[in-house]
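First up is the structure itself, then whatever we jot down about it.
The values are calculated or read from the model by the stated rules, or taken from the named source; none is laboratory data. All figures in this text were calculated on a predicted structure; none of them were measured in a lab. As a convention, Cβ positions derive from the backbone with ideal geometry for all residues, glycine included, and neighbour counts pool all protein chains shown. Each accessible area value is taken on the protein alone, full model and side chains, heavy atoms only, with ligands, DNA and RNA left out. Shrake-Rupley method; radii C 1.70, N 1.55, O 1.52, S 1.80 Å.
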Amino acid sequence: MRAIRVSEFGDPSVLRLLEVPDLSPGPDEVLIEIRAVGINPVETYVRSGVYANKPALPFTPGSDAAGVVISVGDGVSGWRPGDRIYTSGSKTGVYAEQAICSPEHLHRLPDEAGFEQGAAVNVPYATAYQALVHRAQARAGETVLVHGATGGVGIAAVQIAHSLGLRVFGTGGTDEGRRRVVEEGAELALDHRSPDYLNELMGYTEGRGVDLILEMLANVNLSRDLSVLARRGRVVVIGCRGPIEINPRDAMVRDASILGMILYNASPEEYAATHEALIKGLAEGTFRPVVQRSLPLAEAPRAHEWVMQPGALGKIVLIP
Ligand code: NAP
C-alpha cells in the first residue's frame with residue numbers, strides 16, 4: 001500500500017509518499033481501507049517538530065479518516081468487513097491507503113454522509129462539541145460568537161450551536177466565507193480583518209455582548225474578547241499560536257471565565273457522548289461537514305501549506 005511517511009521534522013516537503021508493506025490486524029485490532037483523510041492544523045505543528053508531543057520518527061501523520069473495515073483481529077466484536085466508519089485516531093497513522101485501529105478509534109459513518117465528509121468529522125466536530133457542550137455548558141437561547149467561523153472547527157461550531165438553539169454570530173476573513181457562515185446557521189457574520197467589527201457586534205447586541213465566545217486565534221483576540229462578553233460570559237480557548245497580554249480586570253468586572261480546552265483531555269464519558277451526538281447529527285443532516293478542497297494523497301505537502309493560509313471554507317481532504 002501507499003502511505004505518507006515523515007522521516008525528519010521540517011517543512012511540508014518532508015511528507016513523502018512511499019510504497020510500504022500491507023498491514024494486517026493483530027488481536028483486538030481492526031484493519032481499515034481509507035477513502036478520505038481530513039487535514040488538521042495540528043498535523044502541521046507535529047510535522048514541523050514544534051508540537052510538544054513529538055512522535056518517534058519515521059511516522060505516518062493524521063487521525064481523521066473515513067473508509068470501510070477490511071478485516072478484524074481476534075477478540076474484536078461489533079465491527080465487520082464492509083462497515084462504513086470514520087476514525088478518531090489509529091495505531092499507524094491515516095495519511096495512507098490503510099490503517100490499523102483499535103475498536104475505540106472507530107465510529108459508524110451514517111449512509112447520509114459521504115467519505116469526504118466523514119474524514120471532516122472527528123477533530124473539527126468533536127472539538128466544537130466538547131467546547132460548546134462540555135466546557136462552556138451552552139444553553140438554548142444564549143448567544144455565541146464563533147471567532148473564526150469559516151474553518152473546520154468554526155463551521156462545525158456554527159452548525160452545532162444552531163442545532164442546540166443558540167443565537168450564533170461568526171467571523172470570517174472573506175466575503176465567500178462569511179456568506180457560508182450565515183448559510184450554516186449564523187444570524188450575523190463579521191469580518192475579523194476589519195478594525196471595528198467587535199464594535200458592530202456590541203451594536204448588534206445593543207451593548208450587552210455575548211454569552212459565549214469560541215476562540216480560534218486567542219493570541220490575537222483574547223484581550224478584546226473579554227470586552228465583548230456579557231456578564232457571566234465564557235470564552236473557550238480552542239486555538240492559540242502564541243502569547244497575548246490581557247487585563248484580568250475585564251474578566252473580573254463581568255464575572256467572566258476563560259476556559260482552555262484540548263480535545264484529547266475529554267473524559268471517556270465525554271468522548272462517548274460526543275461521538276453519539278455526532279453520528280446522530282450526521283444521520284439527521286443537522287451536521288453537514290463542508291469540504292473546501294480534495295486532493296490526491298501525494299499532494300499532502302500542498303494540503304499542509306493551504307491549511308495554514310487565510311481564506312478557509314471548511315476542510316481540506318486527501319484521497320488515497
Ligand atoms: P482552519 O480550518 O485552518 O481555520 C482557521 C480559522 O481561523 C478560519 O476560520 C480563519 O478565518 C480563522 N482566523 C484567521 N484569522 C483570524 C482572526 N484574526 N480572528 C479569528 N479567526 C481567525 O483551522 P481549524 O481546524 O478550524 O482550527 C482552528 C484552530 O483551533 C487552529 O489553531 C487549531 O490548531 C486549533 N484546534 C484546537 C483544538 C483543541 O483541541 N484545542 C482542536 C482543533 C483545532 P479566515 O481563513 O476566513 O480568515
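Results, tabulated for the structure shown:
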item	result
Residue satisfying condition, being surrounded by 15 or more Cβ atoms within 10 Å (Cβ to Cβ) and in a loop (DSSP other than H, G, I, E, B), within set Leu57, Leu23	Leu23
Hits in the range 287-301 - residues which are more than 14 Å from the chain's Cα centre (by Cα), surrounded by fewer than 22 Cβ atoms within 10 Å (Cβ to Cβ) and more than 19 Å from Gly173 (Cα to Cα)	Ser294, Leu295, Pro296, Leu297, Ala298, Glu299, Pro301
Those residues of the range 26-45 which are out of contact with any strand residue (DSSP E or B) (no Cβ under 7 Å at 6 or more places or on another chain) and either open to solvent by 30 Å² or more (accessible area, probe 1.4 Å) or under 13 Å from Pro61 (Cβ atoms) (or both), in sequence order	Pro27, Asp28, Pro41, Val42, Glu43, Thr44, Tyr45
Selected residue (criterion: nearest to the ligand (Cβ to nearest atom)) from residues of the range 239-260 that are closer than 17 Å to Gly154 by Cα and out of contact with any strand residue (DSSP E or B) (no Cβ under 6 Å at 6 or more places or on another chain)	Gly239
Residue within the range 277-286 that is over 16 Å from the mean Cα position of the chain (by Cα), within 21 Å of Gly114 (Cβ to Cβ) and outside any helix (DSSP H, G or I) present	yes
Which numbered condition Thr127 fails, given (1) more than 23 Å from His162 (Cβ to Cβ); (2) among the β-branched types (Val, Ile, Thr); (3) assigned to a helix (DSSP H, G or I); (4) in contact with a helix residue (DSSP H, G or I) (Cβ under 6 Å, 6 or more places away or on another chain)	(1)
Number of positions in the range 82-121 that are open to solvent by 10 Å² or more (accessible area, probe 1.4 Å) and part of a helix (DSSP H, G or I)	6
Sole exception among (1) within 30 Å of Pro103 (Cα to Cα); (2) within 14 Å of the ligand (Cβ to nearest atom); (3) free of Cβ contacts under 8 Å to residues at least 24 places away in the same chain for Thr274, by number	(3)
Failed condition for Arg80, given (1) in contact with a helix residue (DSSP H, G or I) (Cβ under 9 Å, 6 or more places away or on another chain); (2) free of Cβ contacts under 8 Å to residues at least 12 places away in the same chain; (3) not aliphatic (A, V, I, L, M)	(1)
Selected residue (criterion: nearest to the ligand (Cβ to nearest atom)) from residues of the range 172-184 that are open to solvent by 10 Å² or more (accessible area, probe 1.4 Å) and touching a Ser or Thr at 6+ places or on another chain (Cβ under 9 Å)	Gly173
Selection within the range 172-183 - touching a residue at least 40 places away in the same chain (Cβ under 8 Å), over 18 Å from the mean Cα position of the chain (by Cα) and outside any loop (DSSP other than H, G, I, E, B)	Glu176
For Ala52: the one exception among (1) surrounded by 16 or more Cβ atoms within 10 Å (Cβ to Cβ); (2) free of Cβ contacts under 8 Å to residues at least 12 places away in the same chain	(1)
Pairs with Cβ under 8 Å, 6+ apart, first in the range 284-304 and closer than 27 Å to Arg108 by Cβ, second at pLDDT below 95 and crowded, with 18+ Cβ neighbours inside 10 Å	Gln292/Ala312
Matching residues in the range 302-320 - criterion: being surrounded by fewer than 22 Cβ atoms within 10 Å (Cβ to Cβ) and more than 16 Å from the ligand (Cβ to nearest atom)	Ile319
Test result for Ser7, of a type in the set (S, T, N, Q), outside the structural domain of Ala128 (by TED's automatic domain parsing) and either buried (at least 17 other Cβ atoms within 10 Å of the Cβ) or without any contact (Cβ under 8 Å) to a residue 12 or more places away in the chain (or both)	no
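Rundown of residues vs (1) in a helix (DSSP H, G or I); (2) more than 10 Å from the ligand (Cβ to nearest atom); (3) open to solvent by 10 Å² or more (accessible area, probe 1.4 Å); (4) under 21 Å from Asn40 (Cα atoms), yes/no style:
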position	(1), (2), (3), (4)
Arg139	no, yes, yes, no
Val144	no, yes, no, no
Val153	yes, no, yes, yes
Ala156	yes, no, no, yes
Gly170	no, no, no, yes
